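The structure under discussion appears below in the form of structure tokens.
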Amino acid sequence: MGCNCGCVCVDANAEKLSEVIEKYKNTEGALIPVLHEAQEIYGYLPLSVQKAVAEGLDISLAEVYGVVTFYTQFSLNPKGKYKIQVCLGTACYVKGAGDIYDKLKAALNLNDGDCTEDGLFSVEACRCIGACGLAPVIMVNDDVFGRLTVDDIDGIIKQYKDKEIE
Amino acid sequence: MQIYRSHILVCGGTGCTASKSLEIISELESHINANSLQNEVKVVKTGCFGLCEKGPILVIYPEGATYVTVAPSDVKEIVEEHLVKGRIVKRLLPKDAKLAEVVTSLDKVDFFARQMRIALRNCGVINPEVIDEYIACDGYKALGKVLTEMKPADVIAEIKKSGLRGRGGGGFPTGVKWELASKPVADQKYVCCNADEGDPGAFMDRSVLEGDPHSVIEAMAIAGYAIGASQGYIYIRAEYPIAVERLQIAIKQAKEYGLLGKNIFDSDFSFDLELRLGAGAFVCGEETALMTSIEGKRGEPRPRPPFPANEGLWRKPTVLNNVETYANIPSIINNGADWFASIGTEKSKGTKVFAIGGKINNTGLVEIPMGTTLREVVYDIGGGIPNGKKFKAAQTGGPSGGCIPAQLIDTPIDYDTLIQLGSMMGSGGLIVMDEDNCMVDIAKFFLEFTVDESCGKCPPCRIGTKRMYEILERITEGKGEESDIEKLEILAKNIKASALCGLGQTAPNPILSTLKYFRDEYDAHIKDKKCPAGVCKSLLKFVIDADKCKGCSLCQRKCPTNAISGEIKKPYVIDQDKCIKCGACMDACKFKAIEKKA
Ligand SMILES: Cc1cc2nc3c(=O)[nH]c(=O)nc-3n(C[C@H](O)[C@H](O)[C@H](O)COP(=O)(O)O)c2cc1C
Ligand code: FES
């Protein structure tokens, strides 16, 4: 975590995190809600954040790490600026989501969970986002693209790359 | 309260939101204002209507005119024609598949005509973000009746008499579960709601929570009264942001109205609710794992006994029910157990919501009386299979379930018939497959899911499912041996008998049921090294159709292994020994000259 640009963003985040910890301190079963909010703040959960959570809630780092690695939503690595999630739920799978997933990875030269070198895109598989009527479906951050074919992929990637150039 | 001459209901469920229904709402509002109709016409954002295939959907009352696949650009015409001039916009009406003519109202479409809505009674009817609309539809009447006229034991007796069984998968009688939890004496008890909806490809619970969150809240309070609990938790997937938001709004409103909190309806009964978000672990749908997760730990299941009715959340007596189970409760209290028990089959009462998806014309959400046949669901409600393909099988029960093959399509759907066929009701996902789906591949898909989601606590599930997956992988790659089937069967039997929780115990089901009904496909993969459906890549041959090939050489340049050769402007050929079947050539070819052959 942290950057070398000399800005104060790191501290602002740390402050937000301690507010979150304070809010949940006396709630039973606080760890998971705290981790959810910490991930909102930092985008992922690096060791330093896990340590802060462990200290704040007065539990062992091992317990925090155990929980973080158990649940797929918690990530130890940063995600791309555009996080692409490919639905591999059953409804999407029977309609060819596997090919879409392969195509995306090939087009961006990635493995599951990785991030492109420029930090723009990450691709991961997910399970049913509840838009099965539009299968096969992918989500780029909060935008849903449905009724896809392999041929649509390049266009979608381009659309986000163009956004960057603008 | 202001009276409007027209109400426009717009679906705000996840599916329709993904296809821009929120944009449609804001377009509607701006055109309504532009025509100074804001005091005559009201736009209401509702939950899912069910016909997701045709979304976004918009219904205008009092006419009941239903517009389907509406785009933001259609809104101007709808406002100017329908609302200003009173002329229905015919081109946006749904077409009845059989009559091939337009119908105005949704209940005339086959898709709705055969349904019976109890759990979904308010979905697509009320605005889920306004508690008054729920109350206007008899909302919180059941809670009032329970608290003022019934003793806890009466409530339990009524639910038992109704014959309601759990909609989360197992089908355990709900009344009996409540009775068990009402018995122990404890300083604190809990009521939990399972909104983890793990079955990939199913979205019934999400739709109930998005379309009618108060029905679940009301039912949980009723359960709390019945067993003597004052605190409830709703455990919901974090992947459902819209449902989470609507629940938060609903809980807040219920508290403001005194329908949650202290001394509800001036009785001695107090009940409070909290939301807990899941974090993407399928096993947390299992009841004991869910409770461990609410406690803030790794969501690993616990051995049972002790059962949650005695030692559940924080070791206190706990009732856990599924979203849809709860959504039925207010109607049972209001209309009586006998009414509910008159619907359905002998041992499965009431209705069941299914999310139909896959190779079917009308993807969406349907609620049907128990005992409806699969044929009615697929053909009459679902509108059949697209592109004139043949129905091969329907999968129910997700990764714990199995498939129902074409020859058994007249099976009435209820808990017991599905178990007999080697599948299970599950939470309501129903995926239709056609001749292009390979059943070995589908079994592999589900096993990959279980391997991924196994929590790792017990070896039969952690290691056993992995071994089964490896065998399936071998078979689909053309490296299967004849002894593999026997190995799968032995593994399946042992895993079923020894796994700690339902996840492992049911993991072999997709394999066992495809083996039972589609043994010939396994044999084709193993003996003939062929995939009849043309899905398993390693067993396919990529060939260039000499008539279609223009000799542009693009495929040759794309091929990573130099397996393609030829001369410009003459048909190219693929060397099958070098080909690694990546499909890059097929994607690249602009003339669709490359084909996959089994
Ligand atoms: C691996 C596994 C996953 C499950 N997932 C869900 C789920 O997503 N939603 C659900 O309601 N029940 C799920 N169940 C069933 C629950 O354990 C429990 O039986 C159910 O929520 C009880 O509610 P009901 O009696 O109202 O059905 C799952 C069970 C297992 C073994
Ligand atoms: S299976 Fe992909 S959205 Fe449901």
* Structure fact -> To the nearest 20 debye, chain A has a Cα-centred charge dipole, built from +1 on Lys and Arg Cβ and -1 on Asp and Glu Cβ, of 360 debye
* To do: Report the extension gain between B:GLU482 and B:ASP268 in nm, rounded to one decimal, defined as 0.36 nm multiplied by the number of residues separating them, less their alpha carbon distance.
  => 70.3 nm
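Where the accessible area of segment A:58-166 is counted over protein heavy atoms with a 1.4 Å probe, how much of it, in %, is carbon and sulfur?
46 percent
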* Asked: What ranking do B:418-430, A:43-55, B:456-468 get when scored by the average of other Cβ atoms within 10 Å per residue, highest first?
  -> B:418-430, B:456-468, A:43-55
* Quote the relative contact order of segment B:297-418 in percent (integer), defining contacts as alpha-carbon pairs under 8 Å separated by 6+ residues. => 16 percent
* How large is the helix-only mean residue ellipticity at 222 nm for chain B, computed as the sum of -39500 (n - 2.57) over DSSP H runs with n ≥ 4, divided by its residue count, in deg cm²/dmol to the nearest 500? -> -9500 deg cm²/dmol
* For peptide B:198-211, how many partner chain Cβ atoms fall within 10 Å of a residue's Cβ, on average? -> 4
* Protection-proxy order for peptides B:376-384, B:56-64, B:130-138, each taking the mean of Cβ atoms within 10 Å per residue, highest first -> B:376-384, B:56-64, B:130-138
* Structure fact -> Charge dipole of chain B built from unit charges on the beta carbon (Lys, Arg +1; Asp, Glu -1), centred at mean Cα; most positive-end Cα among B:CYS458, B:TRP314, B:GLY139 is B:CYS458
* Residue mean of other protein chain beta carbons inside 10 Å, A:91-100 -> 6
* For segment B:351-434, with only Lys/Arg (+1) and Asp/Glu (-1) charged at the beta-carbon, what is the dipole magnitude about the Cα centre, in debye rounded to 20? -> 340 debye
* To do: Go through A:62-75, B:561-574 and give me the packing order, highest mean Cβ count within 10 Å leading.
  => A:62-75, B:561-574
* Structure fact -> With B:TYR522 itself left out, Lys, Arg at +1 and Asp, Glu at -1 over residues whose Cβ is under 14 Å from its Cβ give -3
* Could you work out the local net charge near B:SER6, counting Lys and Arg as +1, Asp and Glu as -1, over the other residues with Cβ closer than 14 Å to its Cβ? => -1
* Structure fact -> Given a Förster distance of 35 Å, the FRET efficiency implied by the Cβ-Cβ spacing of B:THR148 and B:ARG304, rounded to the nearest 0.05, works out to 0.45
* Could you work out the Rg to Rh ratio of chain A, with Rh taken as the Kirkwood radius (inverse of the mean 1/r over all Cα pairs)? => 1.03
* For segment B:438-597, evaluate the Debye formula with one uniform point scatterer on each Cα (no solvent term) and list log10 I(q)/I(0) at q = 0.11, 0.13, 0.16, 0.18 Å⁻¹, rounded to two decimals. => -0.55, -0.68, -0.84, -0.95
* **Cα gyration tensor of segment B:6-108 - equivalent ellipsoid semi-axes, whole Å, descending** => 20, 16, 11
* **Charge tally in the Cβ shell below 11 Å around B:VAL68, where Lys, Arg are +1 and Asp, Glu are -1, B:VAL68 excluded** => +1
* Average other protein chain Cβ within 10 Å of Cβ, residues B:16-27 -> 2
* Structure fact -> Between the modelled labels at B:LYS596 and B:TRP314 (7 Å from Cα along Cα→Cβ) the distance in nm is 5.3 nm
* Asked: If you roll a 1.4 Å probe over segment B:439-526 with all protein chains in place, what percent of the accessible area is carbon or sulfur?
  -> 49 percent
* Relative contact order (%) - segment A:82-165, alpha-carbon pairs under 8 angstrom, separation at least six -> 37 percent
* Applying 1/(1 + (r/R0)^6) with R0 = 30 Å to the Cβ-Cβ distance of B:LYS466 and A:ALA62, what FRET efficiency is obtained, to the nearest 0.05? -> 0.70
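I want the antiparallel fraction of DSSP beta bridges within segment B:6-108, as a percent rounded to 5.
If we restrict to bridges inside segment B:6-108, about 55 percent are antiparallel.
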* To do: Let me know the shape class of segment B:401-509, please: from the alpha-carbon gyration tensor, a ≥ b ≥ c as square roots of the eigenvalues, rounded when a/c is under 1.5, otherwise prolate if a/b is greater than b/c, or oblate.
  => oblate
* Give the residues of segment B:407-439 whose amide nitrogen is closer than 19 Å to a point set 7 Å from the Cα of B:GLU489 in the direction of its Cβ. => B:421-423
* Using the reciprocal of the averaged 1/r over all distinct C-alpha pairs, how large is the Kirkwood radius of chain B in Å? -> 26.2 Å
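Computed from the mean reciprocal separation of all distinct C-alpha pairs, what Kirkwood hydrodynamic radius does segment A:82-165 have, in Å?
12.5 Å
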* Structure fact -> Per the helix-only model, chain A has a calculated mean residue ellipticity at 222 nm (DSSP H runs of ≥4, -39500 (n - 2.57) each, divided over all residues, rounded to the nearest 500) of -14500 deg cm²/dmol
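Take every DSSP beta bridge whose two residues both sit in chain B, then give the antiparallel share in percent to the nearest 5.
If I count the DSSP bridges inside chain B, around 55 percent turn out antiparallel.
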* To do: Please state the charge dipole magnitude for segment A:6-85, taken about the Cα centre, from unit charges on C-beta atoms (+1 on K and R, -1 on D and E), reported in debye and rounded to the nearest 20.
  => 420 debye
* Relative contact order for chain A: what is it in percent, counting Cα pairs under 8 Å that are at least 6 residues apart? -> 18 percent
* Asked: Where q = 0.08, 0.10 Å⁻¹, what log10 of I(q)/I(0) comes from the Debye formula for the protein assembly as shown, counting one point per Cα?
  -> -0.70, -1.12
* chain B: angle of helix B:483-498 to the longest principal axis, Cα-based, in degrees nearest 10 -> 20 degrees
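Any of B:LYS550/B:LYS597; B:LYS392/B:LYS479; B:LYS550/B:LYS596 with alpha carbons more than 22 Å apart? Name them for me.
Result: B:LYS392/B:LYS479 exceed 22 Å.
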* To do: With both partners inside segment B:131-340, how many of the DSSP beta bridges are antiparallel, as a percent to the nearest 5?
  => 10 percent
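The values are calculated or read from the model by the stated rules, or taken from the named source; none is laboratory data. Quick caveat, the model's predicted, so the values are computed rather than measured. Glycine also receives a Cβ, built like all others from the backbone with ideal geometry; neighbour counts cover every protein chain displayed. Areas reflect the complete protein model, heavy atoms only, side chains present, ligands, DNA and RNA absent. Shrake-Rupley method; radii C 1.70, N 1.55, O 1.52, S 1.80 Å.
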